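The values are calculated or read from the model by the stated rules, or taken from the named source; none is laboratory data. Please read these numbers as outputs of a predicted model, since none were measured by experiment. Glycine gets a Cβ as well: all are built from the backbone with ideal geometry, and neighbour counts include every protein chain shown.
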Amino acid sequence: MQEFEENYYAILGVEPDSTQEEIRRAYLSLAKRLHPDRFPNDPDQRAIAQKEFAKVTRAHDVVGDPERRNEYDTLRSLAKRRSEIVSTGSFVVSSVIPDDARLHTAEGEGGEVNKPGDDHINVKWANKHLARADDLLKKKRYQEAETAMKEAIRLVPNDPRYHNKLAEIYLARGWKTLASTEVQTALRLDGTNPEARTLDVRIKSLMKETGSQTQPNQAKKKGLMDQLKEILNKKI
């Protein structure tokens, strides 16, 4: 399972059991101190501030939202437990891990022990991100919708549904090239995916229309130049 590699609580300088208000205050304090606009005449310091500001903002986007924080805590607990299992070689289920995130240890057919249900957990959370992104897209909150879908793809990169939804978000923002990239990824994963094929046709049509819109103007400009040349030639 792809895990959160960074400790967002540490980045914000708060404890894992901090309240949402404490997290909010910590973020505002850091954002004020690290905002790149504080260094207009120092390119090097500004670049450092931009990098740190992005990390702090990313951390707050996750743990500053109760639902996403719950997911983050769950995945971190699962990752920690997996590490303990690997080190001990034991498939012991810990009571601190929520029921829907526990490792599957029951015997399967043939008496073999089932592997940890990482894929199942990833898909569950990815689908939550998909539903959230769909709702945000309807509300035209494109940046948040994009972030949600990137998180879904991070968890389950090989499902064309998630790439299709990200393509829809990019289209809504007018980013046809990025949308096309996501659709092509979906088609590589499943060449017969109907949603991806429909989006592909739609994007190509939009790109063609955009290209054709510039042609009349170009022709008009060329025509004016020709007219001017004719007038000058006649005067000569």
Within region 10-47, take every residue that is of a type in the set (A, V, I, L, M, F, W, C) and out of contact with any Leu (no Cβ under 9 Å at 6 or more places or on another chain) and give me the one that is farthest from R76 (Cα to Cα). F39
Please enumerate the residues belonging to region 154-172 that are touching a residue at least 60 places away in the same chain (Cβ under 8 Å) and either aromatic (F, W, Y) or surrounded by 19 or more Cβ atoms within 10 Å (Cβ to Cβ) (or both). L155
Please determine, by comparing only the residues of region 5-30 that are in a loop (DSSP other than H, G, I, E, B) and in contact with a helix residue (DSSP H, G or I) (Cβ under 6 Å, 6 or more places away or on another chain), which one is nearest to L155 (Cα to Cα). P16
Looking at this structure, is V56 under 19 Å from W125 (Cα atoms), modelled with pLDDT of 90 or more and either of a type in the set (A, V, I, L, M, F, W, C) or not assigned by TED's automatic domain parsing to the domain that holds Y8 (or both)? no
Looking across region 34-44 at residues that are of a type in the set (D, E, K, R) and in a helix (DSSP H, G or I), the single one that is surrounded by the most Cβ atoms within 10 Å (Cβ to Cβ) is R38
Kindly establish whether S77 is over 24 Å from the mean Cα position of the chain (by Cα), at pLDDT 50 or above and not assigned by TED's automatic domain parsing to the domain that holds L178. no
If you go through A31, A59, A47, A26, the only one that is small (G, A, S) and exposed (fewer than 13 other Cβ atoms within 10 Å of the Cβ) is A47
Subset of region 122-164 (residues that are more than 19 Å from D61 (Cα to Cα) and at pLDDT 90 or above): K138, N158, D159, P160, R161, Y162, H163, N164
Return the total of residues in region 131-154 being acidic (D, E) and more than 8 Å from the chain's Cα centre (by Cα). 3
